[in-house]
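The values are calculated or read from the model by the stated rules, or taken from the named source; none is laboratory data. Keep in mind the model is a prediction, meaning the values are calculated, not measured. Here the Cβ is made from the backbone with ideal geometry for all residues, glycine too, and neighbour counts use every protein chain on show. Each accessible area value is taken on the protein alone, full model and side chains, heavy atoms only, with ligands, DNA and RNA left out. Shrake-Rupley method; radii C 1.70, N 1.55, O 1.52, S 1.80 Å.
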Amino acid sequence: MEKKVYFRGIALPYLLLLPQIIVTGLFFFWPAAQAVRQSFLREDAFGLSSQFVGFENFTDVLSDPTWLDSAFRTLLFSSSVAILALASALFLAVQADKHIRGANTYKTLLIWPYAVAPAIAAVLWLFMFHPNIGIFGRALNAMGIPWNYKLNGDQAMLLIILAAAWKQVSYNFIFFLAGLQSIPKSVLEAAAIDGARPMRRFWTVVFPLLSPTAFFLLVVNLVYAFFDTFGIIHSLTQGGPGKATETLIYRVYTDGVMNLNFGSSAAQSVILMILVIVLTMVQFRYVERKVHY
């Protein structure tokens with residue numbers, strides 16, 4: 001029997017919400033408001049004087065060819081991470097959904113990487129693929145394959161794509177496995193009776209029923225690759241060699257913290273914030289109306 005809670009006044013509900021409102025205000029709205037304010041200013045390196053310049057910081061950023069290169073690099077990185085993480089998670093979820101011995105153990109082991117912090121995940125990949133101390137890096141060089149991601153930009157990009165995708169596979173795996181287990185077995189049995197082979201049943205029955213989950217995960221993975229991979233890039237390559245792995249989120253850190261160009265860094269933050277809003281609107285407009293839990 002469902003129990004309903006009624007409040008006699010409005011004070012207690014607002015009091016219960018107050019901690020969350022304070023945390024959200026301090027750690028999201030206040031920094032966001034400061035970023036928007038600073039994006040219209042030009043400040044000296046020590047922050048002692050500032051001048052209102054309107055949209056000049058935005059025009060400088062959007063007309064900078066190196067920023068456009070970073071934007072293209074971010075699109076390549078994000079799409080590669082999303083596709084690799086989704087495809088790997090879907091394959092593992094389909095295998096884990098089968099009736100095999102020790103399936104619960106496999107599911108538990110596949111979920112563990114999600115609890116690893118991005119910086120820790122990057123260190124794990126560093127110890128595996130470092131050209132001098134990494135077990136796989138040394139093995140590749142021993143086989144005659146020149147591997148040194150610290151000097152080769154393509155190899156550095158490949159490494160951060162693999163590390164970022166591996167970190168996200170567990171999250172996708174949980175959703176795909178839940179989606180597979182919610183599909184009625186009678187539907188699959190009816191398709192089997194009609195003569196559909198396993199591969200045909202997957203593409204004509206299972207995958208269409210998983211498509212809302214897949215679209216939701218696509219948006220989440222793109223947001224993750226755009227904005228939550230700073231720790232992996234910083235620990236593995238620090239944006240290098242050169243600028244081969246400098247994505248937009250890492251460029252905000254480089255311009256603001258290392259180069260002390262606060263106006264440009266704030267303008268880039270605002271542009272990234274707009275991208276988040278657009279992706280969230282896409283999610284609410286096209287996903288929430290079609291997903292049924």
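For the range 37-135, the extents of the C-alpha atoms along the principal axes are 68, 31, 25 Å, listed from largest to smallest. Between the range 53-83 and the range 252-282, the C-alpha centres lie 10 angstrom from each other. Over the chain, DSSP H runs of length four or greater, each weighted -39,500 (n - 2.57), average out per residue to a 222 nm ellipticity of -21000 deg cm²/dmol.
Taking 180, 16, 75 in turn, the Gaussian network model of the chain (Cα-Cα springs below 10 Å) assigns the largest fluctuation to 16.
A convex hull fitted around the alpha carbon atoms of the range 21-91 yields 154 Å³ per residue. Going through [x] 1.23; [y] 1.30; [z] 1.00, the figure that equals Cα Rg over 2.2 N^0.38 Å as computed for the structure here is [x]. Using every pair of distinct Cα positions in the range 194-292, the Kirkwood expression returns a hydrodynamic radius of 16.3 angstrom. Can you give the longest run of the chain that contains no GluC sites (Glu not before Pro) sitting in a DSSP loop with at most 14 other Cβ atoms inside 10 Å? Counting at most 14 other Cβ atoms within 10 Å as exposed, the longest clean stretch of the chain is 3-287. Overall, the anisotropy analysis places the range 73-190 in the prolate class: the square-rooted eigenvalues a ≥ b ≥ c of its C-alpha gyration tensor yield a/c not less than 1.5, with a/b exceeding b/c. Three principal axis extents describe the C-alpha atoms of the range 111-156; from largest down they are 36, 20, 16 Å. The relative contact order of the chain, computed from alpha carbon pairs under 8 Å that lie at least 6 residues apart in sequence, is 27 percent. For the range 206-293, the relative contact order comes to 30 percent (Cα pairs under 8 Å, sequence separation of at least 6). Remark: accessible surface ordering of 173, 129, 72 (largest first) is 72, 129, 173, probe radius 1.4 Å. Three semi-axes describe the equivalent ellipsoid of the range 115-184; taken as square roots of 5 times the Cα gyration tensor eigenvalues and ordered largest first, they are 32, 13, 11 Å.
Shown here: the range 188-244, whose C-alpha atoms stretch 58, 20, 14 Å along the first, second and third principal axes, sorted largest to smallest.
Full extension of the chain segment joining residue 277 with residue 181 gains 31.4 nm, where the gain is 0.36 nm per residue of separation less the Cα-Cα distance. Among the trypsin sites (Lys or Arg not before Pro) found in the range 10-114, those both in a DSSP coil and sparsely packed, with 11 or fewer other Cβ atoms within 10 Å of their Cβ, are 98, 101. Descending by average beta-carbon neighbour count within 10 Å, the peptides 143-155, 266-278 line up as 266-278, 143-155, the highest first. Across the range 144-252, C-alpha contacts under 8 Å between residues 6 or more apart give a mean separation that, scaled by the residue count, equals a relative contact order of 40 percent.
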